[in-house]
Every structure is written in structure tokens, then in C-alpha cells.
């Protein structure tokens, strides 16, 4: 089965890659974009999600990642385990200081403007 991705974000395909990406500290911010092959909303917001790469380009410590449900094993990661709707976006900052939890979880509309507000809140 081929994987349908919905962004130009860095793709994470293993549990270790996911954990390494969201276990951030200091000024680092990780945006984890959880998708799956069949995701109408992911397709609808693709251009706006990709535009964030340009918007936040000056902030080299803000990293964007896409994680697909359709990659075998991805759902075994603890942060993916509770993703029940697609897309879901999690913003991580100071992972260990936040009790190993995301700073924000976005799983309803309006996705992009809520994500922008979340990123700006942790910058």
C-alpha cells in the first residue's frame, strides 16, 4: 500500500523518529501533524499547512513533521496512541517539563488558525 501524505513536512516513519522529534527542550518547538491516507480535511488544508513552513522559516527551532497512520508501527508511539480523528495536530514545547505531554492538541476546525495561535503562544 502506498502512503498518501498531506504536506511537505518531514515524514516520520518509526517510533524512534517520533519520540526524538517531540522530546524537545529549550526554545525548540515540534509540530506533529497526524494524518492518514483517506483524510478529506487533510487534503482541504494542505496548502495552508504547507504555507506555515514559509511563515515560520525565520524560527529555525520550529520543526514540522507529518506522521501517517498508514505507516506500519506508527500508531504504537504513545503520542499517536490517543489520536482518534484526522487530522490531529500536537504542538510540543518543553516536553519533560510538561509532564511528557503536548502543549496543545488540535483536533477540530479551524485547524490552521488554531495551530498558528498555539505556535505563537509557545514562541
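The values are calculated or read from the model by the stated rules, or taken from the named source; none is laboratory data. This one's a predicted model, so the numbers in the text were calculated from it and none came from an experiment. Heads up, the Cβs are rebuilt from the backbone with ideal geometry, glycines too, and the neighbour counts pull from every protein chain shown.
Out of the residues in segment 109-123 that are within 14 Å of the chain's Cα centre (by Cα) and free of Cβ contacts under 8 Å to residues at least 60 places away in the same chain, state the one that is surrounded by the most Cβ atoms within 10 Å (Cβ to Cβ).
The extreme case among them is 118.
Given the options 100, 20, 84, 16, name the one that is exposed (fewer than 15 other Cβ atoms within 10 Å of the Cβ) and at positive phi.
Testing whether each residue is exposed (fewer than 15 other Cβ atoms within 10 Å of the Cβ) and at positive phi leaves just 100.
Would you please list the contacts, defined by Cβ atoms under 7 Å and residues six or more apart or on different chains, that run from a residue in segment 16-34 that is part of a loop (DSSP other than H, G, I, E, B) to a residue that is surrounded by 18 or more Cβ atoms within 10 Å (Cβ to Cβ) and modelled with pLDDT of 95 or more?
Cβ pairs passing all conditions: 24/30; 24/92; 24/93.
Residues in segment 115-122: is at least one within 19 Å of residue 7 (Cα to Cα) and part of a strand (DSSP E or B)?
Scanning segment 115-122 turns up no residue that is within 19 Å of residue 7 (Cα to Cα) and part of a strand (DSSP E or B).
Return the pairs, sorted by first residue and then second, in which the second residue is in a loop (DSSP other than H, G, I, E, B) and modelled with pLDDT of 95 or more, the first residue lies in segment 1-14 and is closer than 11 Å to residue 65 by Cβ, the beta carbons are less than 7 Å apart, and the residues are 6+ apart or on different chains.
Pairs that qualify, where the first residue is closer than 11 Å to residue 65 by Cβ and the partner is in a loop (DSSP other than H, G, I, E, B) and modelled with pLDDT of 95 or more, are 11/5; 13/71.
So, in segment 71-83, of the ones that are under 14 Å from the mean Cα position of the chain (by Cα) and part of a loop (DSSP other than H, G, I, E, B), which residue ends up farthest from residue 120 (Cα to Cα)?
Per the stated criteria, the residue is 77.
Is there a residue in segment 46-68 that is crowded, with 20+ Cβ neighbours inside 10 Å, over 20 Å from residue 112 (Cα atoms), in contact (Cβ under 8 Å) with a residue 12 or more places away in the chain and touching a strand residue (DSSP E or B) at 6+ places or on another chain (Cβ under 7 Å)?
Looking for residues that are crowded, with 20+ Cβ neighbours inside 10 Å, over 20 Å from residue 112 (Cα atoms), in contact (Cβ under 8 Å) with a residue 12 or more places away in the chain and touching a strand residue (DSSP E or B) at 6+ places or on another chain (Cβ under 7 Å), one finds none in segment 46-68, hence no.
Whether any residue in segment 23-36 is over 22 Å from residue 118 (Cα atoms) and either touching a helix residue (DSSP H, G or I) at 6+ places or on another chain (Cβ under 6 Å) or surrounded by fewer than 13 Cβ atoms within 10 Å (Cβ to Cβ) (or both) is what I want to check.
No; the residues of segment 23-36 include none that is over 22 Å from residue 118 (Cα atoms) and either touching a helix residue (DSSP H, G or I) at 6+ places or on another chain (Cβ under 6 Å) or surrounded by fewer than 13 Cβ atoms within 10 Å (Cβ to Cβ) (or both).
Give segment 45-56 a look and list any residue that's in contact with a helix residue (DSSP H, G or I) (Cβ under 9 Å, 6 or more places away or on another chain) and over 18 Å from residue 104 (Cα atoms), or say none.
Result: 45, 48, 51, 55.
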